[in-house]
Amino acid sequence: MTRPPTAAQRRVIDAADPVTGRLRGTESQLAALVKRELAFRHPRPPHDHFLTPAGHRIREETATPAASSPEAAEPAQEPARESSGVFAARIGGEEGIDFGPSRIREVHSAWQGLLELRRMTNPHGVVDRPCAWERTHLVQAAALALEAAGHRPAGADGEGYRVRATPQPEAVAVRGPDAGALRECAATLEQAGWQVGEHTEPRTGARYLLASPRRI
């Protein structure tokens with residue numbers, strides 16, 4: 001790409017579905033994004049357009065994700081907030097977490113969309129390992145896998161999982177209320193295509209998971 005997208009094209013990119021990258025715009029806008037390799041046209045009907053990894057980077061270029069150590073992550077990191085009308089995975093620690101039927105439907109739809117994104121963007125259409133979007137949205141991707149499998153994110157009472165960034169490349173830290181919950185989270189992430197190891201914090205002795213997207 002030799003020049004940034006136009007204002008109209010940027011609006012189309014910014015309005016893309018945050019999980020699947022599905023785009024809505026005029027034929028000329030979508031064609032221009034495809035030409036710039038910021039989008040691709042799905043080969044099967046209804047031939048929708050989706051952001052490429054480069055398009056996702058453009059969409060996220062104003063974001064400033066913070067990394068923190070596993071020890072400091074839980075108290076220091078402010079959970080991602082949910083904008084009105086935009087799905088956000090529950091990473092744990094949010095106020096007023098909804099566990100109702102509408103949230104369950106939202107999470108299920110988001111997870112199915114993510115599996116479709118894997119199928120469309122992974123080599124050979126495999127869905128058993130994370131795709132490029134997940135590798136650039138580690139915390140949200142891991143949290144979505146957990147919530148979609150029925151794990152409860154931590155709320156104000158502190159009970160539930162918490163997913164936080166770490167200084168390690170392509171790795172997130174996952175905490176749970178007890179050893180059993182951690183084992184269940186590990187099994188879910190492994191089934192979702194993540195490599196998972198259990199570790200102990202040197203200072204506190206607390207156990208946590210370190211999870212990374214599997215490549216092979």
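The values are calculated or read from the model by the stated rules, or taken from the named source; none is laboratory data. What you are looking at is a predicted structure, and each value in this text was computed from that prediction instead of being measured. Cβ coordinates were reconstructed from backbone atoms using ideal geometry, including for glycine residues, and neighbour counts include every protein chain displayed. The protein model used for the area step is the full one, side chains on, heavy atoms only, and it has no ligands, DNA or RNA in it. Shrake-Rupley method; radii C 1.70, N 1.55, O 1.52, S 1.80 Å.
Would you mind computing, in nm to one decimal, how far apart the modelled labels at A206 and N122 are, each placed 7 Å from Cα along Cα→Cβ?
3.2 nm
Compute the Kirkwood hydrodynamic radius of the chain, taking the inverse of the mean of 1/r over all pairs of distinct Cα atoms, and give it in Å to one decimal.
18.2 Å
What residues have an amide H closer than 5 Å to that of R152, excluding those fewer than 5 places away on the same chain, when H is modeled at 1.01 Å from N in the peptide plane?
Placed amide hydrogens put Y161 under 5 Å from R152.
To the nearest 10 degrees, how steep is helix 179-191 against the longest Cα principal axis of the chain, on a 0 to 90 scale?
Around 30 degrees separate the two axes.
Return the Rg/Rh ratio of region 117-188 with Cα-based radii and a Kirkwood Rh. Walk me through the numbers before you get to the answer.
Numbers: Rg = 13.3 Å, Rh = 13.1 Å.
Ratio of gyration radius to Kirkwood radius: 1.01.
Using a 10 angstrom Cβ neighbour count of at most 11 plus a DSSP loop assignment to flag exposed GluC sites (Glu not before Pro), which longest range of the chain is free of such sites?
96-216
Treating the angle as unsigned and between 0 and 90°, give the value, to the nearest 10°, between the Cα long axis of helix 138-148 and the longest Cα principal axis of the chain.
That works out to roughly 80 degrees.
Just how large is the dipole of the chain about the Cα centre, in debye to the nearest 20, putting +1 at every Lys and Arg Cβ and -1 at every Asp and Glu Cβ?
My answer is approximately 920 debye.
Among P130, V196, W111, whose Cα lies farthest out toward the positive end of the dipole of region 82-198, if unit charges sit on the beta carbon of Lys, Arg (+1) and Asp, Glu (-1)?
P130
Label points 7 Å out from Cα along the Cβ direction at A179 and A31: separation in nm?
Here the answer is 6.3 nm between the modelled labels.
To the nearest whole percent, what portion of all C-alpha pairs in region 95-139 is separated by more than 12 angstrom?
On the way: 647 of 990 pairs.
More than 12 Å apart: 65 percent of the Cα pairs in region 95-139.
What does a probe at E95 reach in region 156-170, counting residues whose amide N is under 12 Å from the point 7 Å along Cα→Cβ?
What the label zone holds, given the 12 Å backbone N cut-off, is 156.
Could you check the spin-label model distance between E60 and D48? Points 7 Å from the Cα along Cα→Cβ, value in nm.
2.0 nm
Report in % the part of the accessible area of the chain that belongs to carbon and sulfur, leaving out ligands and nucleic acids; probe 1.4 Å.
Numbers: 5990 of 11480 Å².
That fraction is 52 percent.
Sequence-distant or interchain residues sharing an amide H contact under 5 Å with R214, placed H: which?
Counting only residues 5 or more places away or on other chains, the set is W194, Q195.
Explain nothing, just the number: relative contact order of the chain, from Cα pairs under 8 Å at least 6 residues apart, as a whole percent.
Averaging sequence separation for qualifying contacts and normalising by length gives 16 percent for the chain.
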